[in-house]
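Here, each number is a calculation from the coordinates, and none is a lab measurement. Just so it is clear, the structure is predicted and the values come from calculations on it, not from any experiment. Ideal geometry is used to build each Cβ from the backbone, glycine not excepted, and the neighbour counts take in all protein chains shown.
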Amino acid sequence: MNIQRVHYCTKHDSSMGPVVYWMSRDQRMYDNWALCLAQSQALEKNVPLFVVFCLMPRFLDATHHHYHFMLKGLREVELSLKTKNIPFVLLLGNALDTLPAFLEKHGAGTLITDFTPLRHSRAERSLLCQRLRIQVIEVDAHNVVPVRIASSKLEYGAYTIRPKLQRLLPEFLEEFPAIVKHPYLCAGPMPEVQWEHAVSTLRAAARSGGTAACESGEAAARAVLKDFIANKLAGYGAHRNDPTLDAQSRLSPYLHFGHIAAQRIALDVQSQAEAAPAAEYLEELIVRRELSDNFCLYNEHYDTFDGFPAWARQSLNEHRKDARTHLYTLEQFESAGTHDLLWNAAQCELLATGRMHGYMRMYWAKKILEWSASPEEAMTIAVYLNDTYELDGRDPNGYAGIAWSIGGVHDRAWFDRPVFGKIRYMNANGCARKFDVNAYCAKFSRGA
Ligand SMILES: Cc1cc2nc3c(=O)[nH]c(=O)nc-3n(C[C@H](O)[C@H](O)[C@H](O)COP(=O)(O)OP(=O)(O)OC[C@H]3O[C@@H](n4cnc5c(N)ncnc54)[C@H](O)[C@@H]3O)c2cc1C
């Protein structure tokens, strides 16, 4: 493994106890650099290896629907790890409350975890590191090029991060080692995970994002990838922006929950596809996705007005008092109750399936800006709806996508116009020039 993936979070040296991998963002056994490092360290020291997941009863705007998807994936991880003699432990509660006692009980010598750029998780990690007296290592198992290595600063846009990623890709885009049957077992039997009990501890909202038409877990993610490469990749560039077609990969929920590594997707796409379509797909999968992680790591205001670039804040400020043609409440947006059939259809797609097509997400967020009393209110509404109803929500891609749509992040200034100021505008006529708007509305309008 490229050692640049590793970030030391404490100054303590590794000691002789078992190695614990605190799995968080990357919920998989295969192709997981954090687990690979944890096992190689445990093998070097001849000690047992544990994989631990801390189940918070509530997490941002996640609903039972998200938890259901996640827990199904984690059950699969537990079974896969069992075949490798690696115990999977589910701790009920946040890491700060549960992990120190577990580490102490098992005399752990090293804690390894995966990387996330999100504020609340980073804050929890840094508090945890202050409390622990053992070595804590973070491994960027989510990105092809580790975010900190790709860039040490907030990037302006795809055009500034792309050359950096392209230069570093040959160094990082390598095959993963396999996880082997672990020869060192912990003393005494590990308690079985009580999945039913775990579900009963959840305090997430019962609200559902629809019955997402996708199976959870690593095997399902690999099957979706296989189908995408065989049947959709060739037409990706030509059709990905048409919401009436099923031309995107639909891999975002699996990437979000870490059921599949972006690096596995990139390796398979590169080895099995013709060059041209692969390039367009890899631009989204690597450049746009890693730009989102860069945005959230280096801009702590990634989900509010304060995170917008100065030109956008100034321009939106100048248009605060502009008359809005329509003003809607959160409830009206949420229930797809606007005057605009196309916007309502996008919201209905989200409510019914837990997923909105990528092209419609831009239109959807921009109209929330146009029909809200302020850009701050628009951000709050868009983030809430995205995080609550998108199966792939609560993700850096979501915060970056919303901030791009409403606040010009990673974009440039356009013509000045009411309400939007210099933020790029979108309207239904533009959509009609790109795809069959009526067909989309017929498919997803209320009652359809
Ligand atoms: C307002 C708004 C909200 C969004 N919310 C989310 C979200 O909550 N979660 C999420 O994962 N993505 C979000 N996106 C980004 C993008 O729309 C989705 O990643 C994509 O539509 C998911 O479908 P797919 O996996 O079939 O994508 P594909 O087109 O098949 O792309 C493959 C992968 O590339 C990455 N990708 C594609 N487009 C983008 C992009 N614009 N920015 C960053 N990465 C991208 C994703 O990881 C995606 O899974 C949002 C975009 C906007 C404009």
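As an exercise, identify the trypsin sites (Lys or Arg not before Pro) in the stretch 296-399 lying in DSSP coil whose Cβ has no more than 14 other Cβ atoms within 10 Å.
Listed in order of number, the matching sites are R320, K321, R324.
Give the calculated FRET efficiency between K11 and A428 to the nearest 0.05, with a Förster radius of 51 Å applied to their Cβ-Cβ distance. Walk me through the numbers before you get to the answer.
Details: r = 57 Å, r/R0 = 1.11.
That gives a FRET efficiency of 0.35.
What does the C-alpha gyration tensor say about the overall shape of the stretch 265-392? Classify as rounded when a/c is under 1.5, otherwise prolate if a/b is larger than b/c, or oblate. Kindly include the intermediate steps, with their values, before the conclusion.
On the way: a/c = 2.39, a/b = 1.48, b/c = 1.61.
Taking the square roots of the gyration eigenvalues as a ≥ b ≥ c, the stretch 265-392 is oblate.
Along the stretch 378-385, what does the Karplus equation 6.51 cos²θ - 1.76 cosθ + 1.60 (θ = phi - 60°) give for ³J(HN,Hα), rounded to whole Hz, x for Gly and Pro?
Listing the rounded values in order: 4, 4, 4, 5, 5, 5, 4, 5 Hz.
Given only helices, namely DSSP H runs of n ≥ 4 each adding -39500 (n - 2.57), what is the per-residue ellipticity at 222 nm of the chain, to the nearest 500 deg cm²/dmol?
Values: 21 runs with 215 residues, N = 448.
Helix contribution divided over all residues of the chain: -14000 deg cm²/dmol.
How would you order 384-392, 179-187, 423-431 from highest to lowest mean count of nearby Cβ atoms within 10 Å?
Top of the packing list down: 384-392, 423-431, 179-187.
Can you list the trypsin sites (Lys or Arg not before Pro) in the stretch 75-175 that are in a DSSP coil and have 11 or fewer other beta carbons within 10 angstrom? Please report the intermediate quantities before stating the final value.
Details: sites: R75, K82, K84, K105, R119, R122, R125, R131, R133, R148, K153, K164, R167; in loops: K84, R133, K153.
Answer by residue number: R133, K153.
How much FRET efficiency would the formula 1/(1 + (r/R0)^6) give for W195 and E104, where r is the Cβ-Cβ distance and R0 is 22 Å, rounded to 0.05? The partial results should precede the final answer.
Working: r = 25 Å, r/R0 = 1.15.
Plugging the Cβ-Cβ distance into 1/(1 + (r/R0)^6) gives 0.30.
Which value in nm describes the separation of the simple spin-label points at T325 and R119, placed 7 Å from the Cα toward the beta carbon?
It works out to 3.3 nm between the two label points.
Tell me which residues come under 5 Å, amide H to amide H, from L91 once H is placed; ignore anything under 5 positions away on its chain.
F53, C54, L55
Taking θ as phi - 60°, what are the ³J(HN,Hα) couplings along the stretch 13-27 by the Karplus curve (6.51, -1.76, 1.60), each to the nearest whole Hz, with x for Gly and Pro?
Once rounded to whole Hz, the list reads 7, 5, 10, 7, x, x, 9, 10, 9, 8, 6, 9, 7, 10, 8.
Just for the Cα atoms in the chain, what are the lengths along the principal axes, largest first, rounded to whole Å?
68, 46, 43
Please name which of L369, Q248, Y302 has its Cα lying farthest along the dipole of the stretch 246-371 towards the positive end, using unit charges on Cβ (Lys, Arg +1; Asp, Glu -1) and the Cα centre as origin.
In the stretch 246-371, that residue is L369.
Report the relative contact order of the chain, percent, no decimals, based on alpha-carbon pairs under 8 angstrom and at least 6 residues apart. Kindly include the intermediate steps, with their values, before the conclusion.
Working: 754 pairs, mean separation 86.2, N = 448.
For the chain, the relative contact order is 19 percent.
Along the stretch 91-104, what does the Karplus equation 6.51 cos²θ - 1.76 cosθ + 1.60 (θ = phi - 60°) give for ³J(HN,Hα), rounded to whole Hz, x for Gly and Pro?
Those phi angles translate into 9, 8, x, 6, 4, 4, 7, 10, 5, x, 5, 4, 5, 5 Hz.
What's the extension gain from D97 to A205 if we count 0.36 nm per residue and subtract their Cα-Cα distance? Before the final figure, lay out each step's value.
Values: separation 108, 0.36 × 108 = 38.88 nm, distance 2.22 nm.
Length difference between fully extended and current span is 36.7 nm.
Kindly express, to the nearest 10 degrees and within the range 0 to 90, the angle between helix 218-231's C-alpha long axis and the longest C-alpha principal axis of the chain.
With rounding to tens, the tilt is 50 degrees.
Starting from the stretch 1-66, pick out the trypsin sites (Lys or Arg not before Pro) whose DSSP state is loop and whose Cβ has at most 14 other Cβ atoms within 10 Å. Spell out each step's value before the answer.
Working: sites: R5, K11, R25, R28, K45, R58; in loops: K11, R25, R28, R58.
Here the sparse-neighbourhood loop sites are K11, R58.
Expressed in nm to one decimal, what extension gain is obtained for the pair Y156 and L245 from 0.36 nm per residue of sequence separation less their Cα-Cα distance?
Values: separation 89, 0.36 × 89 = 32.04 nm, distance 3.18 nm.
Going from the current span to full extension adds 28.9 nm.
Which of rounded, prolate, oblate describes the stretch 177-333, given a ≥ b ≥ c as roots of the alpha-carbon gyration tensor eigenvalues and a/c under 1.5 marking rounded, otherwise prolate only if a/b is larger than b/c?
Working: a/c = 1.87, a/b = 1.31, b/c = 1.43.
The shape class here is oblate.
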